[in-house]
Amino acid sequence: MAEVDVSYALSEDQELIRNTARQFLEERIGLERVRELMMSDDGFDRGLWKEMADLGWPGLAISEEHGGAGLGPVEMSVLLEEMGRLVTPGPFFASAVLATTAIQQAADSDSQARLLTSLASGEIIATLAVFESPRGWRILPTVTFAERSGKGWKLNGEKRAVLDGHLADVLLVVADTREGVGLFGVDVNATGVGIAQESTLDATRRQATVTLDGVELEDTDRLDEGDTSAALRRTLLVATAALAAEQVGGAQQCMEMAVDYAKTRYQFGRPIGSYQAIKHRCANMLMEVEHAKSTAYHAARVTDEADELEVAAPLAGSICSEAYVWVAGENIQIHGGIGFTWEHDAHLYLKRAKASSLLLGSPRHQRDMMGQALGI
C-alpha cells in the first residue's frame, strides 16, 4: 500500500483555489441569490454555470488530456467546502463529481474521450441515474433493464432521486444487461425518456424521477466494456468523500453564524454568548466541526487508495452527515425564535444538511458499508 500524506495543511495552490472560490461565490451568489434560485422553476442560472466553466471548475478533476485542469480529489474537496458554505445551488456536484467520476471509473477510453472534454468545458451537464425505489442506496439488484435490439440496446425502467436530472443533457443510466451491470449514456431528448422533478426538502438541490420506456440506443451508447458494479461502487465512495467536504463547509458556516449571533445578541444587558449554556453549545459545535473536518480531509487524501477509501469514505460520510445536521440544528437553537423563520438563512442550512445526509446513503448505511469493509 502506498504511503499516504497525513498532513492536512493546504499547499499554496490549494489555498489559492479556496480564496478564489470564496471570493467568487460571495460576490456572484450570496444567500440572497440562493433564495432567488431556489424559488425559480429550475433552481439554476446558466449564466452562473458559464462563469464557473470559465474558471475551470467543471473540469477541475479531469485530466489535461481531456481538457481539464488535471487536479485531484484534495483540490476538489477544497472547492466543494467553499460551495457548502453558501449552499450553492446548481448541477455542479451531479455533473463534475458524480457523472465525471462514473465516466472516469467505468467508461472505456473512447467514451471518456467523447464525454469528458464536453464535461470539462461545461458544454454539457450530466448526472448519474443509479438509485431505484424501494432498493434505497444499493446498486444491485437493479430492475432497470437493457436488452439487445438490433445493433444497439433498448432500455426500460425507472430511476429515482436523480440529482439535477431536469438540468442534465446526458443521463448516465445504470442497467442490468443479463451479463452484468452496464453504464449507458442517454440523451435526455431521446424518445421514451421522461423526467419529472420530485418534491424535496432542499430546494437548492433538485432531484428527479427518470422513466425509460423502450429507449433505443446505439451500441456506442454503452459506455463500459463489461460489468461495472465494482467501478460504480468506487464511484459512490469517491462521491461520498467529496460530499463530506461540502458538508464540512456548511457546518463550519453554521457554527460561525451561531458564534457571531451569540456575540451580538443581548439579553438582560449582556451578550447571550456570555452565558455558560450558550458557551457550551458553541464549544460542542466546534468539536463536531473539527471532528468532521478530520474525517473529510482524510477521505480526500486517500481517494486514490482503494483499500483506504473503502473505510475512509463511509466514515467521513457518516460523521460529516450527523455533524452537519446537529450543528445546523444548534445554530437555529442559538438564534432562538428568529432562527425558525423563513426570513432567516439558518433553515437553508438545516434543509441542505438533512437532505445531504440521505443523498448517497444514510449514516447508518455508511456505517454498514464501513463494517463490511472491515469484515465486522
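The values are calculated or read from the model by the stated rules, or taken from the named source; none is laboratory data. Just so it is clear, the structure is predicted and the values come from calculations on it, not from any experiment. Here the Cβ positions follow ideal geometry from the backbone for every residue, glycine too, while neighbour counts run over all protein chains shown.
Taking each residue of region 351-376 that is closer than 20 Å to Glu246 by Cβ and looking for partners that are assigned to a loop (DSSP other than H, G, I, E, B) and among the small types (Gly, Ala, Ser) with beta-carbon atoms closer than 8 Å, six or more apart or interchain, yields Lys351/Ala203; Met369/Gly361. Restrict the check to region 154-171 and report whether at least one residue is farther than 19 Å from Thr211 by Cβ and of a type outside the set (D, E, K, R). Checked region 154-171: no residue is farther than 19 Å from Thr211 by Cβ and of a type outside the set (D, E, K, R).
Return a yes/no flag: does region 121-136 have any residue that is over 17 Å from Leu98 (Cα atoms) and in contact with a strand residue (DSSP E or B) (Cβ under 8 Å, 6 or more places away or on another chain). Scanning region 121-136, I find at least one residue that is over 17 Å from Leu98 (Cα atoms) and in contact with a strand residue (DSSP E or B) (Cβ under 8 Å, 6 or more places away or on another chain), so the answer is yes.
May I ask you to say which residue of Ser321, Ser274 is in contact (Cβ under 8 Å) with a residue 24 or more places away in the chain and not assigned by TED's automatic domain parsing to the domain that holds Gly84? It would help to see each step written out before you state the result.
Values: Ser274 fails: in contact (Cβ under 8 Å) with a residue 24 or more places away in the chain.
Going through Ser321, Ser274 in turn, just one is in contact (Cβ under 8 Å) with a residue 24 or more places away in the chain and not assigned by TED's automatic domain parsing to the domain that holds Gly84: Ser321.
With the requirement that a residue be surrounded by 23 or more Cβ atoms within 10 Å (Cβ to Cβ) and farther than 20 Å from Ala251 by Cβ, what does region 69-91 give you? Within region 69-91, Gly90, Pro91 meet the criteria. Residues in region 134-154 that are assigned to a loop (DSSP other than H, G, I, E, B) and surrounded by 16 or more Cβ atoms within 10 Å (Cβ to Cβ): 4 in all. Scanning region 61-82 for residues that are in contact (Cβ under 8 Å) with a residue 24 or more places away in the chain and part of a helix (DSSP H, G or I) returns His66, Pro73, Val74, Glu75, Met76, Ser77, Val78, Leu79, Leu80, Glu81, Glu82. Of Ala21, Ala53, all but one fail to be touching a Gly at 6+ places or on another chain (Cβ under 6 Å), among the small types (Gly, Ala, Ser), outside the structural domain of Leu201 (by TED's automatic domain parsing) and closer than 23 Å to Thr101 by Cα; the exception is Ala53. All of (1) part of a helix (DSSP H, G or I); (2) touching a strand residue (DSSP E or B) at 6+ places or on another chain (Cβ under 9 Å) hold for Asp224 with one exception: (1).
In region 229-239 there is no residue matching the filter, namely being assigned by TED's automatic domain parsing to the domain that holds Ala328, touching a Cys at 6+ places or on another chain (Cβ under 9 Å) and at pLDDT 95 or above.
Out of the residues in region 269-287 that are hydrophobic (A, V, I, L, M, F, W, C) and within 19 Å of Gln252 (Cβ to Cβ), which is surrounded by the most Cβ atoms within 10 Å (Cβ to Cβ)? Here the answer is Met285. Any chance region 331-343 includes a residue that's within 23 Å of the chain's Cα centre (by Cα) and not assigned by TED's automatic domain parsing to the domain that holds Leu86? Yes - at least one qualifying residue is present in region 331-343. Put simply, of Leu315, Leu348 the only residue that is under 13 Å from Ala244 (Cβ atoms), in contact with a Ser or Thr (Cβ under 8 Å, 6 or more places away or on another chain), at pLDDT 95 or above and part of a helix (DSSP H, G or I) is Leu315. Count of region 1-60 residues, restricted to those that are hydrophobic (A, V, I, L, M, F, W, C), modelled with pLDDT of 95 or more and not in a helix (DSSP H, G or I), is 3.
Against the test of being surrounded by 17 or more Cβ atoms within 10 Å (Cβ to Cβ), touching a helix residue (DSSP H, G or I) at 6+ places or on another chain (Cβ under 8 Å) and not basic (Lys, Arg), the options Val193, Val170, Val215, Val162 yield a single qualifying residue, Val170.
If you check Ala94 against the conditions, is it among the small types (Gly, Ala, Ser), in a strand (DSSP E or B), at pLDDT 95 or above and buried (at least 24 other Cβ atoms within 10 Å of the Cβ)? In short, no. For the residues Gly122, Gly157, Gly182, the requirement of being buried (at least 17 other Cβ atoms within 10 Å of the Cβ) and within 23 Å of Gly68 (Cα to Cα) singles out Gly122. Taking the conditions (1) over 20 Å from Leu236 (Cβ atoms); (2) among the aromatic types (Phe, Trp, Tyr); (3) free of Cβ contacts under 8 Å to residues at least 60 places away in the same chain in turn, Phe44 satisfies each one other than (3). Looking across Leu115, Leu167, Leu201, Leu163, one residue alone is closer than 25 Å to Lys351 by Cβ and either among the small types (Gly, Ala, Ser) or in contact with a Leu (Cβ under 8 Å, 6 or more places away or on another chain) (or both). It is Leu163.
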